[in-house]
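Structure first, then comments.
No lab work stands behind these numbers, since they all come straight from the coordinates. None of the values given here were measured: they were computed from a predicted structure. Reconstructed Cβ throughout: ideal geometry from the backbone, glycine too, with neighbour counts over all protein chains shown.
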Amino acid sequence: MNQPSDYSPRRGLILDQVTKRYQSVTAVDHVCLEVKNCEFLAVVGPTGCGKTTLLRLIAGVEKLDYGHIYIQGRCVNDVGPSRRGVRMVFQEHALWPHMRVFHKDTASNLSFGMRLRKQLPQSIEETAYLIAKRLGIANNLFSRKPDQLSVGQKQVVGIGRALTIIPTILLLDEPLAHVDPQRRLALRHELKDYHNKMGSITLYVSHNLPEAFSLADRIAIMQDGRIIQVGSPTEIQSHPVNTFVKDFIACFEI
Ligand SMILES: Nc1ncnc2c1ncn2[C@@H]1O[C@H](COP(=O)(O)OP(=O)(O)OP(=O)(O)O)[C@@H](O)[C@H]1O
Ligand SMILES: [Mg+2]
């Protein structure tokens, strides 16, 4: 059998037979997927089907057991999370617990990534204020630490933290799950707008199918660690590959 090359001639994100096992559980099972530059892909499926694990593998915070991940033509299997050009908003909103939301002169949740990249203080401040305004993070929250924020506020700060740096790939794991419906709608538009302007690849995990269908160029449906159908919202609705997909989308009024 030919060994896969460290380089792929194709750009974008490519998953080749990506597999992750936890003891007896195969969380991600030989997943093959190609996501083109500038594409917005929603990943949906029942609880425990492997969505978060798949995103964590792409981010590099989990190691694969088998397969290859290519980003912009380069195999990143052995590349650390900070060198992949990937930003992830975690399902459990993983903020730095000891840092405030934002402070212009010290490390804070919104400024951390920009400081690491040695951006100028004025540009850090401008970007943080701009992102906070777009996401509706009130300035009076800036001095708070994560344990002084509501779950929804933490989630929005987590999104803000990811958006302060323009990534090659933006991974969003149920980013709006704890946000009220009205705010959710506004944030959804912001995320789509950000995606369109920045030209990143976006992978968006959601349990809210109408939201996924309204945002995404294509939908990937997962079951038991495998991707069982990928297609545009219209294709998935009109030609579900099996009864699982048909029943899964029928649960929601799309
Ligand atoms: N660190 C771990 N150790 C052992 N098993 C794990 C671990 N992380 C995930 N799993 C298992 O892997 C499978 C996939 O989990 P994952 O979190 O990726 O699912 P998910 O699709 O994101 O679910 P949800 O919709 O509930 O967030 C599940 O069976 C889960 O129990
Ligand atoms: Mg999950």
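Over segment 1-111, the Kirkwood radius and the radius of gyration, each from Cα atoms, give a ratio Rg/Rh of 1.02. Using a cut-off of 26 Å between Cα atoms, the listed pairs 36/133; 104/145; 36/197; 118/192; 63/145; 133/154 include 36/133; 118/192; 63/145 as exceeding that distance. Restricted to Cα atoms, segment 3-68 shows a radius of gyration and a Dmax of 12.3, 36 angstrom.
The label-point distance for residue 139 and residue 32, in a model that sets each label 7 Å from Cα toward Cβ, rounds to 5.4 nm. Projecting the Cα atoms of 44, 14, 71 onto the charge dipole of segment 1-72 (Cβ charges, centred on the Cα centre) puts 44 farthest toward the positive pole.
Any number yet on Rg/Rh for segment 86-166, C-alpha, Kirkwood? Rg/Rh for segment 86-166 comes to 0.91. Listed by chain and number, the lysines placed with their C-alpha closer than 24 angstrom to that of residue 246 are 51; residues fewer than eight positions away on the same chain are left out. Remark: the residue 74-residue 117 segment gains 13.3 nm on full extension, using 0.36 nm per residue and subtracting the alpha carbon distance.
Can you show me the helix-derived [θ] at 222 nm for the chain, built from DSSP H runs with n ≥ 4 at -39,500 (n - 2.57) apiece and divided by the number of residues, rounded to the nearest 500. When only DSSP H runs of four or more count, the value is -9500 deg cm²/dmol. The antiparallel fraction among DSSP beta bridges confined to the chain stands at about 55%. Between 0 and 90 degrees, the angle of helix 181-198 with respect to the longest Cα principal axis of the chain falls at about 80 degrees. For segment 84-227, the percent of C-alpha pairs falling in each 5 Å distance bin, counted from 0 to the bin holding the largest distance, reads 2, 10, 20, 23, 21, 13, 7, 4, 1, 0. In this structure, residue 244 and residue 207 have a Cβ-Cβ separation that, at R0 = 25 Å, corresponds to a calculated FRET efficiency of about 0.95. Working value for the chain: equivalent-ellipsoid semi-axes of 30, 22, 16 Å, each the square root of 5 times a Cα gyration tensor eigenvalue, largest first. Charged side chains reduced to their Cβ positions (Lys and Arg at +1, Asp and Glu at -1) give the chain a dipole of some 840 debye around its Cα centre. In the chain, the longest principal axis of the Cα atoms and the axis of helix 151-163 are about 80 degrees apart.
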